[in-house]
1. Evaluate the following for S13: is it surrounded by fewer than 16 Cβ atoms within 10 Å (Cβ to Cβ) and at pLDDT 90 or above?
2. Name the residues in the range 16-44 that are basic (K, R), modelled with pLDDT under 95 and surrounded by 11 or more Cβ atoms within 10 Å (Cβ to Cβ), would you?
Amino acid sequence: MLGRRRRNGPRASRKVSQVLNRFDHRPTAGEAEIRYLDGDFRVVRPGAFVRCAVTGVAIPLEELKYWSVERQEAYATPTAVLQRLYPGRAKA
């Protein structure tokens, strides 16, 4: 094997997968598709915002705090969460 060099280390060819998360600051407009996890979320399709499942208001990804893993939906406020979980008990 003289004259041939094996590539080992950081320059070796390998598959690189693109994983997007909330810390990627790429300029993308439009609605994102999100996979909601326990305590975190994963961006499936890049975008700037998601919609609240109750109110329909756009929630910028940087401000997304409330979601349901079971229902896979986002909420703009704690009140929206309560309205979704307890629809008959909504305050007038």
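1. Spelling it out, it is not the case that S13 is surrounded by fewer than 16 Cβ atoms within 10 Å (Cβ to Cβ) and at pLDDT 90 or above.
2. R22
The values are calculated or read from the model by the stated rules, or taken from the named source; none is laboratory data. Please read these numbers as outputs of a predicted model, since none were measured by experiment. Methodologically, a virtual Cβ is constructed for each residue, glycine included, from the backbone with ideal geometry; neighbour enumeration extends over all protein chains shown.
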